[in-house]
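The values are calculated or read from the model by the stated rules, or taken from the named source; none is laboratory data. Given the structure is predicted, the values throughout are model-derived calculations rather than measurements. Note that each Cβ is placed from the backbone with ideal geometry, even for glycine, and that neighbours are counted across all protein chains shown.
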Amino acid sequence: MNALNQNFIPKGLRGRNRNAIPLSMATLRDLSDWIEGTLGGDAPRVNSLVKLVRREGLFSSGGRGRNATRMAPQDFATAIVCALTTAAPTKAAEEVRRILALRTFSVSVDPGDGGGFRDFSVWGESRKLPATDPDGNRMLPPELADCPATLGDALAMWAEHFAENPASGVMDWDEISLRIACAPQVELQLFNPDWQNHRWGTEEGDYRAYAWKLRFEAEGLNYDPMLRETVTKLSAHVLRALADLAGAADG
């Protein structure tokens, strides 16, 4: 059994065997097929990528066929980053580990009042996102149980949400993007289900069509405009397929 890296597990799950808390009936083969689909069917890359990342303990493993290990929240998080990274397979495990550990830098919230996104910095241990806005609306998307410390935390919470709420679908505007220049940055964009019935709120100030953008960065980031920049994105269509895997039931 692979060692459990506690730094990449949501706080509520730390100290527990992730093989004992599977999300669904999804196996590593299912996640590999999903990654392959995001890469246009590049099976050789995916096979090498998953093998090397699993060897470093970033995927649960054990058993074969019907007895294959069921995937836990962090396995889904790792799969998302495997789909985003463009690193060579031999360097992918290090890159995936580094990206999962990116710290939450800021949360931008659009309450649907016509004023656009507002930025809230959550950098540093002392800065916390307010639990609610002045109108009492929750400041975090339903996919996140708490303000995540790292990208790994956020993606694991995202997967857990769809395991527990399979009917709560991914919105058409949701996406995850990875930008690499001098260092990786990730943006997670999520929309409240009410956004599709968007309205600018009521006279009482009840805005329920929230949208969120969470940004994750490495500490001590120094941007160099002379470096080449690469951006990879996972669209709502791709994320919806993974959310369906998270919510898949036995039988």
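Things to note:
- Filtered by the rule that a residue be more than 20 Å from Val238 (Cβ to Cβ) and out of contact with any strand residue (DSSP E or B) (no Cβ under 8 Å at 6 or more places or on another chain), segment 87-98 gives Ala88, Pro89, Thr90, Lys91, Ala93, Glu94, Arg97.
- Flag if Gly41 is free of Cβ contacts under 8 Å to residues at least 60 places away in the same chain and of a type in the set (Gly, Ala, Ser): yes
- Unique residue being surrounded by fewer than 22 Cβ atoms within 10 Å (Cβ to Cβ), part of a loop (DSSP other than H, G, I, E, B) and in contact (Cβ under 8 Å) with a residue 12 or more places away in the chain when the list is Ser61, Ser48: Ser61
- Here segment 80-97 is the region considered, the condition is being of a type in the set (A, V, I, L, M, F, W, C) and assigned to a loop (DSSP other than H, G, I, E, B), and the residue that is farthest from the chain's Cα centre (by Cα) is Ala88.
- Residue tally, condition in a loop (DSSP other than H, G, I, E, B) and at pLDDT 80 or above, over segment 98-115: 2
- Cβ separations smaller than 6 Å between residues 6+ apart or across chains give the following pairs from segment 66-86 residues that are within 16 Å of Val238 (Cβ to Cβ) and modelled with pLDDT of 90 or more to residues that are part of a helix (DSSP H, G or I) and not aliphatic (A, V, I, L, M): Ala77/Gly152; Ala83/Thr38; Thr85/Glu95.
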